[in-house]
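The values are calculated or read from the model by the stated rules, or taken from the named source; none is laboratory data. Keep in mind that what you see is a predicted model, and the values were worked out from it rather than measured. Please note: Cβ atoms are built from the backbone with ideal geometry, for glycine as well, and neighbour counts cover all protein chains shown. Surface accessibility is based on the protein's heavy atoms, side chains included, excluding ligands, DNA and RNA. Shrake-Rupley method; radii C 1.70, N 1.55, O 1.52, S 1.80 Å.
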Amino acid sequence: MPLAFESLSHGTIAFGFFNIETDLLLLEHYFTFATDFCAAVREMAREGGLSDRVYELPGFDLPYQAIGDLHGAIAGTRLTGFIGEVYRQYPFPALMEVFKQNPEGYRTRPLVEEIVGRYGVSIHIPLRADVKERAVAIGEYLFSFEGFHDLLNYVWRGGYPRWKEEKRPDYVLEMAEAVKASRSPVFEGMTFEP
């Protein structure tokens, strides 16, 4: 489930996984796969995040009216827009104890990518760190370093409801290793929660 996070530019925004069978992340009206998000963060961590380099997250931009109703899709009562179509393919589980983020959600990417492509425009979402301002921009959304760390911890945990059997995908483990080894001020003080 996407959760509320504080941005410097837009106040409280939604970020996170929206269906347990895909690794697609939503950031308000942007959608990017967690595999790509973690790869960009890993690259930023390895390069030190000190340059003016803009990392590009492959993704999609959807008009709000095309996104759909997450709560209605979870309930199975309002399967509209992009999210509704994904929930028709991968319904919310009947048993709460199986409501866990699938660490193999990347396997559904071809189908989910085809679906999202019908609702939005394929774009490259810029990811950039500004060390002087102690901020990270993802597209139009600006986060403090600490706010950015919160996003990384969300992915590390598997969001809410957490990774199934607490098993993190390799791409998440590789991102965490790069962040822990980084000398970049962007990741200073970053700790991954249990």
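Given a 10 angstrom Cα cut-off, can you work out which residue in K167, K100, K132 is the most mobile in a GNM of the chain?
Highest fluctuation among the options: K132.
What FRET efficiency, computed as 1/(1 + (r/R0)^6) with R0 = 25 Å and r the Cβ-Cβ distance, is obtained for D69 and Q89, rounded to the nearest 0.05?
After rounding to 0.05, the efficiency reads 0.95.
Between L62, L152, L95, where does the largest GNM mean-square fluctuation fall for the chain, given springs only between Cα atoms within less than 10 Å?
For the chain, modelled as a Gaussian network with Cα springs under 10 Å, the answer is L95.
For segment 79-145, count all C-alpha to C-alpha pairs, find those more than 16 Å apart, and express that count as a whole percent of the total. Can you show the working numbers first?
Details: 1450 of 2211 pairs.
Value for segment 79-145 (Cα pairs over 16 Å): 66 percent.
State, to one decimal in nm, how far the label point of H124 lies from the label point of F99, with both points 7 Å from Cα in the Cβ direction.
3.9
Can you list the residues, at least 5 places off or on another chain, whose amide H is less than 5 Å from the amide H of F33, using H built in the peptide plane?
The list, which skips near neighbours in sequence, is L25.
Rounded to whole Hz and in sequence order, give me ³J(HN,Hα) for segment 169-179 from the Karplus expression 6.51 cos²θ - 1.76 cosθ + 1.60, θ = phi - 60°, writing x for Gly and Pro.
Working through the residues one at a time gives x, 4, 5, 6, 4, 5, 4, 4, 4, 5, 5 Hz.
What is the sum of charges around R183, taking Lys and Arg as +1, Asp and Glu as -1, for the other residues whose C-beta is under 13 Å from the C-beta of R183?
The answer is 0.
Averaged per residue, what accessible surface does the chain expose to a 1.4 Å probe, in Å²?
Accessible area per residue, the chain: 48 Å².
Using the per-residue mean of other Cβ atoms lying within 10 Å as a proxy for protection, in what order, highest first, do the peptides 82-89, 52-59 fall?
Per-residue mean Cβ counts within 10 Å order the peptides as 82-89, 52-59.
Quick one: which residues, 5+ away or cross-chain, put their amide H under 5 Å from the amide H of I125? H built at 1.01 Å from N.
HN-HN under 5 Å from I125: L57, G59.
Can you divide the C-alpha Rg of the chain by 2.2 N^0.38 Å and report the result to two decimal places? Write out the running numbers ahead of the final one.
Working: Rg = 16.1 Å, N = 194, 2.2 N^0.38 = 16.3 Å.
Ratio of Rg to 2.2 N^0.38 Å for the chain: 0.99.
Note down the accessible area of R134, probe 1.4 Å, to the nearest 10 Å².
100
If I take all pairs of Cα atoms in segment 54-166, what percentage of them are more than 18 Å from each other?
Numbers: 4020 of 6328 pairs.
When every Cα pair of segment 54-166 is considered, 64 percent fall beyond 18 Å.
Once both labels are modelled 7 Å past Cα along the beta-carbon direction, what's the D61-E146 spacing in nm?
3.1
222 nm [θ] for the chain, helices only, -39500 (n - 2.57) per DSSP H run of 4+, per residue, to 500?
Rounded to the nearest 500, the figure is -10500 deg cm²/dmol.
Go through segment 66-73 residue by residue and turn each phi into a ³J(HN,Hα) via Karplus (6.51, -1.76, 1.60, θ = phi - 60°); whole Hz please, and just put x for glycine and proline.
With the stated coefficients, segment 66-73 comes to 8, 5, x, 10, 4, 5, x, 5 Hz.
Cα centroids of segment 1-34 and segment 72-105: how far apart, whole angstrom?
If you average the Cα positions of each part, the centres end up 16 Å apart.
Relative to the longest principal axis of the C-alpha atoms of the chain, give the angle of the C-alpha long axis of helix 145-157, reported between 0 and 90° and rounded to the nearest 10°.
With both axes taken from Cα atoms, the answer is about 50 degrees.
Taking +1 at the Cβ of each Lys and Arg and -1 at the Cβ of each Asp and Glu, which of Y154, I13, G76 sits farthest along the dipole of the chain towards its positive end, judged by Cα position relative to the Cα centre?
Result: G76.
Please turn the phi angles of segment 76-83 into ³J(HN,Hα) values with the Karplus equation 6.51 cos²θ - 1.76 cosθ + 1.60 (θ = phi - 60°), one per residue in order, whole Hz, x for glycine and proline.
Ordered by residue, 3J(HN,Hα) equals x, 9, 9, 8, 9, x, 4, 4 Hz.
Report the label-to-label distance for D170 and R46 in nanometres (one decimal), using points 7 Å from each Cα along the Cα→Cβ vector.
1.4
Using the beta-carbon distance between F192 and H10 and R0 = 22 Å, what value does 1/(1 + (r/R0)^6) give for FRET efficiency, to the nearest 0.05?
0.30
Report, to the nearest whole %, how much of the accessible area of segment 62-112 belongs to carbon and sulfur atoms, 1.4 Å probe, protein only.
C and S fraction of accessible area: 57 percent.
Report the net charge of residues surrounding E43, where surrounding means a beta-carbon distance below 12 angstrom and charges are Lys +1, Arg +1, Asp -1, Glu -1. It would help to have the intermediate numbers written out before the result.
On the way: positive: R42, R46, R53; negative: D36, E47, E56, E174.
Spelling it out: positives minus negatives among the neighbours equals -1.
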